[in-house]
1. State which residue pairs qualify: first residue within 18 Å of B:Ala149 (Cα to Cα) and inside the range A:15-37, second residue of a type in the set (Val, Ile, Thr) and part of a loop (DSSP other than H, G, I, E, B) in any location, beta carbons under 9 Å apart, and separation of 6 or more residues or different chains.
2. Is it fair to say A:Ile297 is not acidic (Asp, Glu) and not in a strand (DSSP E or B)?
3. Any idea which of B:Ala278, B:Ala314 is at pLDDT below 95, among the aliphatic types (A, V, I, L, M) and over 23 Å from B:Ser147 (Cα atoms)?
4. For the range B:35-69, give me each residue that is more than 24 Å from B:Ile99 (Cβ to Cβ), at pLDDT 90 or above and surrounded by fewer than 24 Cβ atoms within 10 Å (Cβ to Cβ).
5. I'd like to verify a number: residues in the range A:20-67 that are of a type in the set (Lys, Arg) and farther than 30 Å from B:Glu217 by Cα, how many?
6. Go through (1) in contact (Cβ under 8 Å) with a residue 40 or more places away in the chain; (2) within 19 Å of the chain's Cα centre (by Cα); (3) surrounded by fewer than 20 Cβ atoms within 10 Å (Cβ to Cβ) one by one and return the number of the condition A:Asp311 breaks.
7. Which strands (runs of 3 or more DSSP E) sit wholly inside the range B:1-113 and have at least 1 residues that are touching a Gly at 6+ places or on another chain (Cβ under 7 Å)?
8. From (1) over 24 Å from A:Ala165 (Cβ atoms); (2) more than 8 Å from chain B (Cβ to nearest Cβ), pick out the condition that doesn't hold for A:Val86.
There are 2 protein chains.
Amino acid sequence: MGEFELLARIRERLPAPDSRVRLGSGDDAAITVPAGATATSVDALVDGVHFRRDLATPAQIGHKALATALSDLAAMGAKAGEAYVVLGIPTDLSEDECIELLDGMLALAAKTGTDLAGGDLTRADSLFLAITVVGHAASPDRLVKRSGARPGDLLVLTGEIGGAAAGLEQPDIEELRVRQLEPTPRLAAGQALAESGVTAMIDVSDGLGADAGHLAERSEVGLRIDAAAVPLAPAARELSEATGRQPWQLLGGGEDYELLASIAPDQLEEAEQAVDEAEGIALTTIGEVVAGTGVEIRLPGGRLVEPEGFDQLA
Amino acid sequence: MGEFELLARIRERLPAPDSRVRLGSGDDAAITVPAGATATSVDALVDGVHFRRDLATPAQIGHKALATALSDLAAMGAKAGEAYVVLGIPTDLSEDECIELLDGMLALAAKTGTDLAGGDLTRADSLFLAITVVGHAASPDRLVKRSGARPGDLLVLTGEIGGAAAGLEQPDIEELRVRQLEPTPRLAAGQALAESGVTAMIDVSDGLGADAGHLAERSEVGLRIDAAAVPLAPAARELSEATGRQPWQLLGGGEDYELLASIAPDQLEEAEQAVDEAEGIALTTIGEVVAGTGVEIRLPGGRLVEPEGFDQLA
């Protein structure tokens, strides 16, 4: 497989970009004319670390790589813009599998209004992807950092979590596997939350406890989470019943890509409505921001655990 | 080595960014406020494909990865802006070696005015780097594409080539090894050429013949190159004498990261002066743009060769 031939096949599949992209793939660099501020994030996925080729189709791998990158833009409240894709291609990945992987990515790109504006292909010992995404906002203060949470804010979460952890454990259950392999970046919810005035935001990729910890650290506040209030995905609830585990034991696994945010109590109702309108999902209050440091998670029954202990329960 | 600990060590080393970068590493995404147009390019380097850990120090690997990415911005005539770095880290690369690699990158970043604004670390079977660079220009028409060459233009080249190919062949000669391992992205020359009105530009990374071919194809023109006019690096000339090969046999190896551009004859003198002032190197006329397609290289003595044949001579 020649690099230039594969590149030509890939370029044929790229739809015409947004007018913001003045020059797409095929030159030394892409040319864009951003208006306002940009949010830029990069994510790498490696075979055997972030996915397994025997458990995921090429299309799912492509989807997941772009989804995890876009989830970071969602967590900023940015609108998706451009993606730049590096593929490290092992000799046992066929040209058709590369195209299938790209098609998985392009389907999500189309759904989210993302332009694949450039990339690089290289040989590699095992499959890896590195995706840079650029999002846009009218001005830098319309983007939401991790650092703005204030004591007195409520802690809110979009959607339900636990599904991805259950999917990792039970890959033969289609609904759970898809949840883990085909996450939905909450771009619309993220923008709705940004407009509703959330003070800090992060996506739940590492685990609820760990990501709450990142937000607490950057905001220099403490967080209290009530595990009983965290909405558990129905499939995860079924799994917890089937395996005799407590529901909250499936909450800390990460990879659900829901959004965790802090918000002043008087903004809550507006934010709930905005998230429902934008994405048709719930926004649930799962805790509060307090003075101090660190994250304290209250389990049903009253026991308090540290984030590390909580995530490891999953 | 924990990802978060290494990240913390890395962040400590990052200097304060330019005011264009409103938020650097450590959040879900970096925030920038670009003015005018941006040029974005991504490059991946893989151990055993683009470098060898037994022949290059970690600092040289870091330098080369950023240099090859910035060279694409040079070829657009863009000013260097931000870099986003993915590191795939194998178990046998120590934390100190990661820091040394980063320091190699940071030294070049400082020299070129590039801010390391974000990145991602992951485990990997073998070392890989994927670097996204964003460059800036006042407007999109100040950036130079590969597609603007017109019949009647002259073909010009910055600096001298052949040094990298010689370095690959003779890694024990310090001067040659450095030329191959520590290329200089011609950012200042690229901006000078853009201001002098070059009509198309590309960096010579794949080989003079191959890269001339890319420019010819995108511009829908033919190119004629006079091999005797192409300036050969002195060290490569010495190597050609020592090994009894013709000098032009060292011209096609690529990885020199000089700039190849097309320019109207009446702009040539201004461009030569501008490149000399910007970077202290020569701009040499090595051929011309003609109607038609493809690249024809005239060897000393008159024989004509195709680009593929020419590059394979190196």
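The values are calculated or read from the model by the stated rules, or taken from the named source; none is laboratory data. If you're wondering where the values come from, they're calculated on a predicted model, not measured in any experiment. Counting neighbours? That spans all protein chains shown, and the Cβs are built from the backbone with ideal geometry, glycine included.
1. A:Asp28/B:Val144
2. no
3. Checking each option against the conditions leaves just B:Ala314.
4. Start the filter on the range B:35-69 by keeping residues that are more than 24 Å from B:Ile99 (Cβ to Cβ), which leaves B:35-41.
Still in the list and also at pLDDT 90 or above: B:36-41.
Within the range B:35-69, B:Gly36, B:Ala37 meet the criteria.
5. To start, the set of residues in the range A:20-67 that are of a type in the set (Lys, Arg) comprises A:20, A:22, A:52-53, A:64.
Add one more test, that the residue is farther than 30 Å from B:Glu217 by Cα, and what stays is A:52-53, A:64.
Of the residues in the range A:20-67, 3 are of a type in the set (Lys, Arg) and farther than 30 Å from B:Glu217 by Cα.
6. With (1) in contact (Cβ under 8 Å) with a residue 40 or more places away in the chain; (2) within 19 Å of the chain's Cα centre (by Cα); (3) surrounded by fewer than 20 Cβ atoms within 10 Å (Cβ to Cβ) applied to A:Asp311, the lone miss is (3).
7. Working: elements: B:21-23, B:30-32, B:37-46, B:79-89.
It comes to B:30-32, B:37-46, B:79-89.
8. Unmet for A:Val86, out of (1) over 24 Å from A:Ala165 (Cβ atoms); (2) more than 8 Å from chain B (Cβ to nearest Cβ): (2).
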